[in-house]
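Report on the following structure.
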Amino acid sequence: MRGPHNIWRLIRTGATFERTGAMKLALEAMDVPPALRIAARLLGWPFKWLGLRGDPQQPPVLRALTALGPAYIKFGQILSTRPDVVGEELAGQLRILQDKLPPFSMVDARFAVESELGQPLDEIFSEFSDPVAAASLAQVHRATLRTTGQDLAVKILRPRIERDFRRDIDAFYFAASVIEFLSPASRRLHPSAVIAHFDNVVRGELDLRMEAAAAAEFAATTSQDQGFTVPAVSWDLSSQRVLTMEWADGVSLGDTDALISRGHDLGKLGRDVIQMFLRHALRDGYFHADMHQGNLKVSDTGDIVALDFGIMGRIDEYTRRVYAEILMGFIRKDYARVAAVHFEAGYVPADRDVAAFAQALRSVGEPIFGADASQISMARLLKYLFDVTERFGMETRTELILLQRTMVVVEGVSRSLDPDLNMWEVAKPIVEKYVYDNVGPKAIISDLRATLAVLSRFGPKLPQIAEAVLLKLSEPEPKPTRQTRLGRFGYFALGTIVTVIGFFLISL
């Protein structure tokens, strides 16, 4: 039944967009190519009567997404941060999806808290408010701890959300397989792997114990960052479906009127968001991967307060260095170096022309640097980037999906605060510092120290290693040829080097 079920979900998606009047608006706002417009309309129009009606009080696109379910709402949340892709009007409508969705009942909320924490709600909290924010997966209540009077935020998963999300994700898997079957050119983008990546991310988001651990780790890695705050977790009041943290006062980063009225500098806030994201991603390799306006507040002191740690990103040191060199190359307009880094990292097949790839990158980068931010169409830029990657056979790097997506979201948030913000200029000092500390001579010394530290752990085993090498040399062999003599010499050299290094480390 899984196949028919997924086919039905796709048809109902197109039909819902047609019935609510969202299809035409969405396709025009996102500047979708004519061929795809025709395919989308054909998917929905004949089955329009099967579409979900949604809430007639909502704007068309918002109405369609909320009717279709949590996975579609997540997609809308991402688009809400891209006014340069979907337009200011549609982005403003979609921003409601971040934390202003219809809440579930207080009866369900009370039942979840009591069943998860094993105590009557009134014995834990002296006050427990109606929902103050409701998103696609959970809602938040403000509460006061009975024993201490501390103000807390209590996050509760929506009833049956796991089942609902599983249904949507299964349909997405099916859509990805259909795309790969019908369009062989799309396989280099690994649509199924992309869906699997987000599936894994969302599974973690649906276990609030994992979010609690993520919040604690993020607080530890950012503890020295001035102007950035992570609320503390109340571990004894948290479980799989309930997460309790200290309450964070402040103004949502999406409420620009309130920010201005309180005297906050929107331009500075836009720069801070980008620089903090890059600092966390490059310096720590651990970053908030859902940084839309609904998950960011500004305190009265001007600190940015992060919320909702269900989606976090992690990248290893090697990938960070590659990413930083690519960013630095674009900032310096050194397209030859950017191309070389892509080839060195294996992002582009080795049989392609490096110079031609550098030329293609220049055609992408130069229009950005020569125009005001308001003149750049991110939709057209992303389309052209896609054409370049297709031409050179670049495959989707699933380990970078979350980083790339968050980079797009962060830029959208910053541009909503300051439309004239130049992301490359803002990013330059953070990237330059990382490159200086981690890609130059200083990094070589650090890498050697790390290598020696690893070798030192093998100190007690060095006698056995040397003995094994000597035994190997003493084994009877066929009459040696020139090649095998070199092989024996290699064994001898390796044993000598390992032994010398071992004795050197032991003597330190």
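Residue check: is F104 closer than 24 Å to T244 by Cβ, touching a strand residue (DSSP E or B) at 6+ places or on another chain (Cβ under 7 Å) and modelled with pLDDT of 70 or more?
yes
Residues of region 107-120 being over 15 Å from R241 (Cα atoms) and not β-branched (V, I, T), which ones?
Listed by number, the list holds a single entry, P120.
Consider S238 against the criteria (1) within 21 Å of the chain's Cα centre (by Cα); (2) modelled with pLDDT of 95 or more: it satisfies all of them except one. Which criterion is unmet?
For S238, the failing item is (1).
Restricting attention to region 416-437, which residues are closer than 22 Å to D284 by Cβ and modelled with pLDDT of 80 or more?
Across region 416-437, the qualifying residues are V426, A427, K428, P429, I430, V431, E432, K433, Y434, V435, Y436, D437.
Looking at I260 and the list (1) free of Cβ contacts under 8 Å to residues at least 40 places away in the same chain; (2) among the β-branched types (V, I, T); (3) crowded, with 16+ Cβ neighbours inside 10 Å, which single condition is not satisfied?
(3)
Which one of I156, I124, I179 is of a type in the set (A, V, I, L, M) and in contact with a Pro (Cβ under 6 Å, 6 or more places away or on another chain)?
So the residue among I156, I124, I179 that is of a type in the set (A, V, I, L, M) and in contact with a Pro (Cβ under 6 Å, 6 or more places away or on another chain) is I179.
I'd like to verify a number: residues in region 438-466 that are surrounded by 14 or more Cβ atoms within 10 Å (Cβ to Cβ), under 32 Å from the mean Cα position of the chain (by Cα) and either modelled with pLDDT of 70 or more or assigned to a loop (DSSP other than H, G, I, E, B) (or both), how many?
Residues in region 438-466 being surrounded by 14 or more Cβ atoms within 10 Å (Cβ to Cβ), under 32 Å from the mean Cα position of the chain (by Cα) and either modelled with pLDDT of 70 or more or assigned to a loop (DSSP other than H, G, I, E, B) (or both): 2 in total.
Report yes if some residue within region 184-192 is touching a Pro at 6+ places or on another chain (Cβ under 6 Å) and of a type in the set (D, E, K, R); otherwise report no. Spell out the reasoning first.
Residues of region 184-192 that are touching a Pro at 6+ places or on another chain (Cβ under 6 Å), as a first pass: none.
No; the residues of region 184-192 include none that is touching a Pro at 6+ places or on another chain (Cβ under 6 Å) and of a type in the set (D, E, K, R).
Name the residues in region 240-252 that are buried (at least 18 other Cβ atoms within 10 Å of the Cβ) and assigned to a loop (DSSP other than H, G, I, E, B), would you?
So the first thing to find is which residues in region 240-252 are buried (at least 18 other Cβ atoms within 10 Å of the Cβ), and the list is 241-245, 250-252.
Of everything in region 240-252, those that are buried (at least 18 other Cβ atoms within 10 Å of the Cβ) and assigned to a loop (DSSP other than H, G, I, E, B) turn out to be R241, G250.
Mind listing whichever residues of region 280-336 are of a type in the set (K, R) and buried (at least 18 other Cβ atoms within 10 Å of the Cβ)?
R283, K297, R320, R321
Table: residues versus (1) under 23 Å from the mean Cα position of the chain (by Cα); (2) hydroxyl-bearing (S, T, Y).
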residue	(1), (2)
S115	no, yes
L121	no, no
A135	yes, no
R142	no, no
T147	no, yes
V154	no, no
A193	yes, no
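The values are calculated or read from the model by the stated rules, or taken from the named source; none is laboratory data. This structure is a prediction, so every number in the text was calculated from the model and none was measured. Every residue, glycine as well, gets a Cβ built from its backbone with ideal geometry; the counts of neighbours run over all protein chains shown.
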